[in-house]
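The values are calculated or read from the model by the stated rules, or taken from the named source; none is laboratory data. None of the values given here were measured: they were computed from a predicted structure. FYI the Cβ positions are ideal-geometry reconstructions off the backbone, even for glycines, and counts take in every protein chain you see. Keep in mind that these areas ignore ligands, DNA and RNA; they rest on the heavy atoms of the full protein, side chains included. Shrake-Rupley method; radii C 1.70, N 1.55, O 1.52, S 1.80 Å.
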Amino acid sequence: MLEIKKLHVAYGEKKVLTGLDFTANVGEITGIVGLNGSGKTTLLNTIYSEIKPREGEITFDNQMIVPTSIAYLKTQNFFYQRITGAEYLDLFRMQHPNFNVEEWNAVFRLPLEKWVDSYSTGMKKKLAFMGILSLNREVIILDEPFNGLDLETNETLKNILKILRSKQKTILVTSHILETLTTICDSIYYLNDGIMQHHFEAKDYHQLEALLTKFEYDDLDRLVEGLGE
């Protein structure tokens, strides 16, 4: 189990996480939602040890978590300039020679012989995802993994995550698209004001949808009608 206790993170005087508690179980997909600026990416970067918290602890299987146990897909992926997709994956295959690039690319269909600089946002996302898959880590963190992907790849990614869950991976996923989380997550946390304010099991996702609906349909309909006046 991935467990976070009383986590405090700040940038200078700006407090972002203020005593956050959180657990993610092995063999489950756990979603995290929140408004822009709520601290989702800060939380993920802290779990990955890129940010040092002021207080609190993060453990996995009752030991302090280390980056080498985590595969982390960031929202914005870094690639060296003038590197091909094949060369990028070769960097991973040097450490994990059993990773079958050819078979995986039959799934994602990337032009691996071309410069990564020429790739679309979705293509870069798929390339980076193939890289973290090759690591075969126990904890998988995905920050907005569905952004920029076409519908077919979205469904493929969901299926891969479900299979990884069955292999007893611990998976964290953030998304601005609630439906992508409600269809795959075993539970979803709502991050707000620096803490996890709510934790929803699958049977309660309708409550999460209601929480995120700040304006009723009739109110929006009235505003739209006013556009023609």
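Within region 19-43, take every residue that is assigned to a strand (DSSP E or B) and farther than 15 Å from Tyr190 by Cβ and give me the one that is most open to solvent (accessible area, probe 1.4 Å). Spell out how you get there, then give the answer.
Our first condition is that a residue be assigned to a strand (DSSP E or B); within region 19-43, this holds for 19-24, 28-33.
Cutting the leftovers down to farther than 15 Å from Tyr190 by Cβ gives us 19, 28-29.
On the way: Gly19: 17, Glu28: 54, Ile29: 0 Å².
Ranking the qualifying residues of region 19-43, first place goes to Glu28.
Take the conditions in a loop (DSSP other than H, G, I, E, B) and closer than 24 Å to Pro67 by Cα and apply them to Tyr80. Does it pass?
Working: in a loop (DSSP other than H, G, I, E, B): yes; closer than 24 Å to Pro67 by Cα: yes.
Answer is yes for this residue.
Could you list, in sequence order, all residues of region 106-122 that are part of a helix (DSSP H, G or I), closer than 18 Å to Leu91 by Cα and open to solvent by 10 Å² or more (accessible area, probe 1.4 Å)? Show your work before the answer.
Taking region 106-122 and keeping what is part of a helix (DSSP H, G or I), we get 106-108, 116-118, 121-122.
Right, trim to closer than 18 Å to Leu91 by Cα and you get 116-117.
The answer is Asp117, and nothing else.
Checking the condition of a type in the set (Val, Ile, Thr), under 30 Å from Asn136 (Cβ atoms), open to solvent by 20 Å² or more (accessible area, probe 1.4 Å) and in contact (Cβ under 8 Å) with a residue 12 or more places away in the chain, which residue from Ile184, Ile177 passes? Please lay out each step first, then the result.
Values: Ile184 fails: open to solvent by 20 Å² or more (accessible area, probe 1.4 Å).
Being of a type in the set (Val, Ile, Thr), under 30 Å from Asn136 (Cβ atoms), open to solvent by 20 Å² or more (accessible area, probe 1.4 Å) and in contact (Cβ under 8 Å) with a residue 12 or more places away in the chain holds for just one of Ile184, Ile177, which is Ile177.
Conditions first: (1) surrounded by 13 or more Cβ atoms within 10 Å (Cβ to Cβ); (2) modelled with pLDDT under 95. Thr68 passes all but one, so which condition is the exception?
All conditions pass for Thr68, except number (1).
Based on this model, can you work out whether Thr46 counts as open to solvent by 10 Å² or more (accessible area, probe 1.4 Å), of a type in the set (Val, Ile, Thr), closer than 23 Å to His176 by Cα and out of contact with any Cys (no Cβ under 6 Å at 6 or more places or on another chain)?
no
With (1) open to solvent by less than 30 Å² (accessible area, probe 1.4 Å); (2) part of a loop (DSSP other than H, G, I, E, B); (3) more than 21 Å from Leu157 (Cα to Cα) as the list, and Thr59 as the residue in question, which single condition is left unmet?
Among (1) open to solvent by less than 30 Å² (accessible area, probe 1.4 Å); (2) part of a loop (DSSP other than H, G, I, E, B); (3) more than 21 Å from Leu157 (Cα to Cα), the lone unmet condition for Thr59 is (2).
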